[in-house]
Every structure is written in C-alpha cells, then in structure tokens.
Amino acid sequence: MKLLTFAASSSRQSINKHLAVYAASLVTNAEIDLLDINDFEMPLYSIDRETESGIPSLAQDFLDRIAQADAIIISFAEHNGSYTAAYKNLFDWASRINAKVYQNKPMVLLATSSGPGGANTVLTTAVTSAPYFAGEVKASLSIPSFYDNFDFVTAKITNEELDTAFIATVNSLTENKQL
C-alpha cells in the first residue's frame, strides 16, 4: 500500500507533521510518501490570476501525488479556526483542475495544537467537507495540548488513553478493506 502523508501546515517545525509521521509509522506494510506542502508554494489563487496565467503545474503535481496513493493521512494545523493559508491555497488551485481533489481515496484526518482545543474546529471543517471533494473519511481525531501529550524523542503520544484512540483511528484506514 502506498500511503500519502502530510501536514496541512507550512511550518518547518510543524507539530502536525510530527503527528502525521507518527500516524504513518503505525500503518504496517506501507510505502510512505511524506509530502511537504512547502514544495507546492504557488501564487495566491484568484480567478483573475488563473485567467491571465493559467493553473500552475505544481497544482497538477499535487494531484498526481494523490493519484499515486492508495490512502491518505492529513494532519491539519489551525489558523484562526480554519485551514492554514498555505494548505487552502494549494487546495484551491488543485480543485480548479479536478474538484474531486481526494480522488475517492480512504483518508484519516487528524489535527493538533498546543492548546486544549487540539485544532478541532479545522478538523471538523475538513471532515465535513472531504466527501464533497471525493474523500472517503474513515476516521478523524484531534489531539489536544500537543506538547503535553507527545514525546519528541520517542516520536509517540505519551498519554495512554489518547494513544489508544489514536492507534484505533489510524487502524480504521485499513480495517475491512484490502489496500
């Protein structure tokens, strides 16, 4: 199984990237494609820019990476209760090529933040909207207070209850289905 994994964050120190990498490490027999959305930086989307210059080839490159995957794990950072500008811009450009951005792939959607809300607001938005863009959400989970619940040395969640829920969430990606 080829698993596309990424953080919907442009931060080089993204805690969501740590969470996504940990999630991917739990999927057995998977070839991990760790995507960095910084590699897909494009001008801010606008219909005027699209009309004048066309769609950047990086948008197609992003869609190609999704097409090559059997499943997807995304961990969402939250900026002011919503997607990061970097992710939203990449998504907007890609959706101009194919509105079914997620291409009917099974997905696990995650989110975390340093605070007790765990970026749950953006996660709720992502889970609600994914089916409109051909995403098959198998499960989702928000991890609150990341720095209190994650060990950077072992690269694992330290809170046993949260880790059990996290493992079950990730395992839902491959339950009852041959990928």
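The values are calculated or read from the model by the stated rules, or taken from the named source; none is laboratory data. Quick caveat, the model's predicted, so the values are computed rather than measured. As a convention, Cβ positions derive from the backbone with ideal geometry for all residues, glycine included, and neighbour counts pool all protein chains shown. Note: accessible area is taken over every heavy atom of the protein model, side chains too, but ligands, DNA and RNA are not part of it. Shrake-Rupley method; radii C 1.70, N 1.55, O 1.52, S 1.80 Å.
Some points to look at:
- Taken over region 36-55, the criterion of being in contact (Cβ under 8 Å) with a residue 24 or more places away in the chain and either more than 17 Å from residue 66 (Cα to Cα) or surrounded by fewer than 19 Cβ atoms within 10 Å (Cβ to Cβ) (or both) is satisfied by 36, 38, 41, 42, 44, 45, 50, 55.
- Residue check, residue 20 of a type in the set (A, V, I, L, M, F, W, C), open to solvent by less than 20 Å² (accessible area, probe 1.4 Å), closer than 14 Å to residue 112 by Cα and in a helix (DSSP H, G or I): yes
- Residue in region 33-47 that is among the aromatic types (Phe, Trp, Tyr), modelled with pLDDT of 95 or more and in a helix (DSSP H, G or I) present: yes
- Scanning region 24-58 for residues that are over 19 Å from residue 83 (Cβ atoms) and aliphatic (A, V, I, L, M) yields 24, 26, 27, 30, 32, 34, 47, 55.
- Members of region 99-120 that are surrounded by fewer than 17 Cβ atoms within 10 Å (Cβ to Cβ) and without any contact (Cβ under 8 Å) to a residue 60 or more places away in the chain: 99, 100, 103, 104, 115, 116
- Subset of region 134-171 [of a type in the set (Val, Ile, Thr) and open to solvent by less than 50 Å² (accessible area, probe 1.4 Å)]: 137, 143, 157, 169, 170
- Residue match in region 76-98 (condition: open to solvent by less than 50 Å² (accessible area, probe 1.4 Å), within 16 Å of residue 24 (Cα to Cα) and small (Gly, Ala, Ser)): no
- Taking first residues from region 136-163 that are in contact (Cβ under 8 Å) with a residue 24 or more places away in the chain and among the basic types (Lys, Arg) and partners that are open to solvent by 80 Å² or more (accessible area, probe 1.4 Å) and in a loop (DSSP other than H, G, I, E, B), the Cβ contacts under 8 Å between residues at least 6 apart in sequence or on separate chains come to 138/175.
For every residue, the table says whether it meets (1) within 26 Å of residue 168 (Cβ to Cβ); (2) touching a Leu at 6+ places or on another chain (Cβ under 9 Å); (3) part of a loop (DSSP other than H, G, I, E, B).
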position	(1), (2), (3)
65	no, yes, no
72	yes, yes, no
86	no, no, no
90	no, yes, no
94	no, yes, no
103	yes, yes, yes
117	yes, no, yes
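- For region 17-30, the count of residues that are polar (S, T, N, Q), at pLDDT below 95 and at positive phi is nonzero.
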